[in-house]
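Report on the structure given below.
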Amino acid sequence: MLNRNKTFTTVEIKEKELKINAYRILNNQIISIFDNTFNAQDNSAFLDEYGVIKANSVPEIKKNIAENFKSLAKANSSFENNEVYLVLPSTTYSYTTKKYPFKHDNLTLITTDFVQDCYKKAIKKEQLAYSGSHLQTELMQVRVDGVKYDVKDIFVEGKELEIIFAVKSIYKKVYESHENVVAKAGENVSGYMTNLEALYNSIDRAGKNETDIVVVNWKNDKLEAGLFKSGSFVEYTSIPFGMEYIIESLAKEFGLEAEVVTHYLYNNINFESKNILRSVFLKFKTQFGLRSLTGEEIQRIIKIRVKAKYNEIKESFISKSKIDFNVTPVFNFGLIQEIPNGITLLSNTKSSFDYLNKKNIIGAFKNSDHFVSFGLISNFVNKVIPNEIKNISENNSINPINMQFGFIQELKGQNMSSSHLYLKNDGILIDKVEA
């Protein structure tokens, strides 16, 4: 059982933001106890194009990390029992499989320990060959004289052992720059994960590790996506057009300032509300004279812009010929979740395989802000929660919110998702529209 005073903290340094989140485990459930976001000064960037922290950003980042950990320690007892994890950008991520043969002249007894020793030798060779990358490896398959064996039960004689393992890597300077700034703030890093892997881990879907899943992250400056096969992050892709590009194109279309379009897109128009769409009317000047649009016409134009970039990110996968988007689930994160019922901009039918991620995180003021950090922490915590706790929902007659950790109905967070909200303005959600 996990120590209730143990704290799990994530540090995510994005292009123009620093995010710090902290969680504790209560009754085997992950509870948010702290979250804070800092923006880079003067609209500058913390990272270069590859995700390496810029040298001139280090003092500012270090200062903010140190101050926040000091505040956390002051507000929480036994904070010295804290583990720190890094969320790293996926930009330089790569995934390959490697085969290492070990040949012997005579029959050799091959056991689990023997395989593990050979696996360690193979990893060491890989690390020496690719010193420019920070590597993670995963043993996938073992063959003896061409026959596949389960490494846990292997006990056989043979002449040739072949070890097949996955190599996950990112540019070494990315990892080192993020780890070093946390170390300079006085903290040690217990582990790391890329942001798209963390988003994938936040998805609640039965059997997700047995199928293909695509994760799309909608950012201001770009769209990025990851293809996951049987739970492994196997391909990264991105396009240099994000929500800023879409908003700027809409501003030109409507003859409005980008700030006005941003406000209405994220705060006022619910694209599933017929009440709102019927009441919206936009009149504006163009070089050809006055033009007017109804709510339905505005929705159609916005949907065309959003859908175009959505299709573009899907088509950018090298493995696209192997991905059937008619049946492959696509989970969307990021700014698209800030648009009320933004899912209607991506899909025309309720039976599609396009989704916005939904998860209720206890203690979170805004669930979508926690998907990355929660996904990372749940991956590490899940390894130490006993199996009987992970499966508690099977013996619980109350419907759980989070199937992975058995969040029960009476402990729901305050931000329950609703498909019937019509208007979001100044933080207020209205579920009815007066006639």
Label-point separation, Thr112 to Asp145 (7 Å along Cα→Cβ), nm: 2.3 nm
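What is region 94-172's relative contact order, in percent, from Cα pairs under 8 angstrom and six or more apart in sequence? Could you put the intermediate results ahead of the total?
Numbers: 137 pairs, mean separation 39.7, N = 79.
Over region 94-172, the number comes to 50 percent.
Just the number, please: percent antiparallel of the DSSP beta bridges in region 206-358, rounded to the nearest 5.
70 percent
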Whole-angstrom Cα spans of region 206-358 along principal axes, big to small: 54, 31, 23
Cα coordinate range in region 94-172, projected on the principal axes (Å, largest first): 40, 22, 19
Surrounding net charge for Lys99, when Lys and Arg each add one and Asp and Glu each subtract one, Cβ distance under 10 Å: +1
Per-pair calculated FRET efficiency, R0 = 22 Å: Glu312 and Ser292 via Cβ, rounded to 0.05: 0.15
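Greater than 19 Å separation of Cα atoms is the criterion. Which listed pairs, Lys307/Lys358; Lys54/Lys172; Lys124/Lys172; Lys54/Lys309, meet it?
Lys307/Lys358; Lys54/Lys309
Write down the percent of antiparallel bridges among all DSSP beta bridges whose residues are both part of region 1-142, to the nearest 5. Mind dumping the intermediate values first?
On the way: 18 of 24 bridges.
Expressed as a percentage, antiparallel bridges in region 1-142 total about 75.
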Neighbourhood net charge (13 Å Cβ-Cβ; Lys/Arg +1, Asp/Glu -1) for Val261: -3
Charge dipole magnitude, Cβ of K and R +1, D and E -1 - region 206-358, Cα centre, debye nearest 20: 400 debye
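Taken together, the values in this text are just the output of simple stated rules run on the coordinates, not laboratory data. Bear in mind that the values here come from a model prediction, so they are computed numbers and not experimental data. Neighbour counts run over all protein chains shown; Cβ positions are idealised from the backbone, glycine included.
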